[in-house]
Amino acid sequence: MSGEYPYYGASGIIDHIDKYLFDETLLLLAEDGANIVNRSTPVAFLASGRFWVNNHAHVYRPKGDPVFLENALEPIDFVPFNTGTTMPKLNAQTCSSIPLYVPSKEEQGKIGDFLGTVDAKLDALRRKKSGLEVFKSGLMQLLFSQELRFVRDDGTDFPDWEEKALGELGSFSKGKGISKSDITEDGELPCIRYGEIYTHYNERITEIASHTDVSPSSLTLSQINDVIIPASGETPIDMARACCVLVPGVALGGDINIFRSPVNGEYLAYLLTNARRTEIAQMAQGNSVVHLYPAQLRQIVIPVPHPDEQRKIAETLSALDAKIAAVADQITHMETFKKGLLQQMFV
């Protein structure tokens with residue numbers, strides 16, 4: 001489907017189509033789906049202008065302030081109103097019986113205006129973060145295709161990039177097993193398990209999330225500039241990513257490929273995760289569990305700039321990541337503020 005009009009389902013906009021059902025501001029409430037219970041996305045949300053709604057969302061014409069009613073519904077625990085068995089469901093009769101504490105229309109309007117201001121700030125921050133991410137993606141395409149080049153500090157050009165296989169540039173080894181049961185909240189030894197590479201970390205690892213009390217003598221410990229790649233995972237594209245470990249002495253768990261070389265590890269992690277991700281994914285073997293082996297990874301041919309140009313590329317991309325992370329923190333702070341506000345108002 002494609003078109004100019006938003007097509008809404010139980011959790012918001014699914015697509016855009018070339019026709020519409022409504023041309024007004026309406027309150028939509030999810031009719032079915034796991035989100036009614038696990039709440040990973042809003043259950044109540046507004047739709048404005050021209051749009052279509054499928055049969056997985058209830059449609060309400062608000063008698064009061066729409067923004068107020070949206071925010072009054074969203075904090076509610078809908079589990080007691082679930083009428084589904086296999087799939088959670090909110091039927092129309094049950095929805096009509098959900099109690100709400102509703103002030104005068106004047107007060108609703110004031111609350112709605114304030115919450116609308118908070119939502120506008122959140123939307124602006126999300127757009128800013130998305131814009132930075134798009135800019136970063138475009139910049140990496142230019143850098144790794146060599147359409148955009150850095151120059152030396154004195155203004156002269158760096159030499160041409162070389163093309164070399166990873167096997168020519170360094171060596172691969174494997175981490176040693178750290179099971180989930182080995183992870184302890186107050187463990188003394190920082191550690192990384194293979195699944196965290198594609199669920200928790202980005203290209204640069206500067207802070208470690210997990211710890212263990214397993215003896216370091218039985219484990220493989222990181223060196224600064226190590227590049228780690230999962231050796232197994234659920235899907236090829238998820239595991240086709242690399243991280244540069246910038247912390248020494250971190251235990252690297254089993255099912256982790258470790259690459260050590262003189263190449264700038266941050267440059268290499270950005271390159272492999274972005275410009276070489278599809279190639280790495282195509283190397284993965286297996287069905288229910290897929291694997292990446294050092295013998296395959298050694299064959300990947302990469303462009304190798306001068307070390308100083310590698311550093312400039314890595315510094316530029318890491319600075320962008322810092323900006324993206326700062327905006328993400330602002331979003332989290334604002335979401336927490338709004339959640340606390342709603343709890344005080346409506347719960």
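Quick note: the coordinates plus some simple rules give every number you see, no bench work behind them. No experiment lies behind these values; they were computed from the predicted model shown. For neighbour counting, all protein chains shown are included, and Cβ atoms are generated from backbone atoms with ideal geometry for every residue, glycine included.
Given a Förster radius of 30 Å and the C-beta distance between Asp154 and Ala322 as r, what FRET efficiency does 1/(1 + (r/R0)^6) yield to the nearest 0.05?
Calculated transfer efficiency: 0.65.
With neighbours defined as other Cβ atoms within 10 Å of a residue's Cβ, the residues Leu122, Leu271 order from fewest to most as Leu122, Leu271. Proximity of backbone amide H atoms, modeled 1.01 Å from N, is registered between Tyr8 and Ile14, Trp52, Val53, Asn54 at under 5 Å, excluding neighbours fewer than 5 places apart on the same chain.
Report note on the peptides 231-239, 74-82: ranked by the mean count of other C-beta atoms within 10 Å, highest first, their order is 231-239, 74-82. For the range 158-172, the Karplus equation 6.51 cos²θ - 1.76 cosθ + 1.60, evaluated at θ = phi - 60°, returns couplings of 6, x, 4, 6, 9, 10, 9, 7, 4, x, 7, 9, x, 10, 9 Hz by residue, with Gly and Pro reported as x. Which value, in debye to the nearest 20, describes the size of the charge dipole of the range 162-304 about its Cα centre when Lys and Arg Cβ atoms bear +1, Asp and Glu Cβ atoms bear -1, and nothing else is charged? Computed charge dipole of the range 162-304: roughly 420 debye. Taking a point 7 Å out from the Cα of Ser96 in the direction of its Cβ, the residues of the range 1-29 whose backbone N falls within less than 19 Å of it are 27-29.
Residue by residue, the range 45-56 carries 3J(HN,Hα) couplings of 7, 8, 10, 10, x, 9, 6, 10, 10, 7, 7, 9 Hz when phi is fed to the Karplus relation 6.51 cos²θ - 1.76 cosθ + 1.60 (θ = phi - 60°); x denotes Gly or Pro. For the range 162-304, the fraction of C-alpha pairs farther apart than 26 angstrom is 18 percent. Principal axis analysis of the Cα atoms in the chain yields extents of 71, 51, 37 Å, listed in decreasing size.
Contact order, relative form, for the range 5-102: 29 percent (alpha carbon pairs under 8 Å, 6 or more residues apart, mean separation divided by residue count). When shorter helices are ignored and each DSSP H run of at least 4 residues is given -39500 (n - 2.57), the per-residue value for the chain at 222 nm works out to -11500 deg cm²/dmol.
Taken about its Cα centre, the chain carries a charge dipole of roughly 380 debye when the Cβ of each Lys and Arg holds +1 and the Cβ of each Asp and Glu holds -1. When the P(r) is computed for the range 126-218, the part past 23 Å accounts for 56% of the Cα-Cα pairs. Between the C-alpha center of the range 3-46 and that of the range 258-332 there is a gap of 36 Å.
Projecting label points 7 angstrom from Cα along Cα→Cβ for Glu162 and Leu342 puts them 5.6 nm apart.
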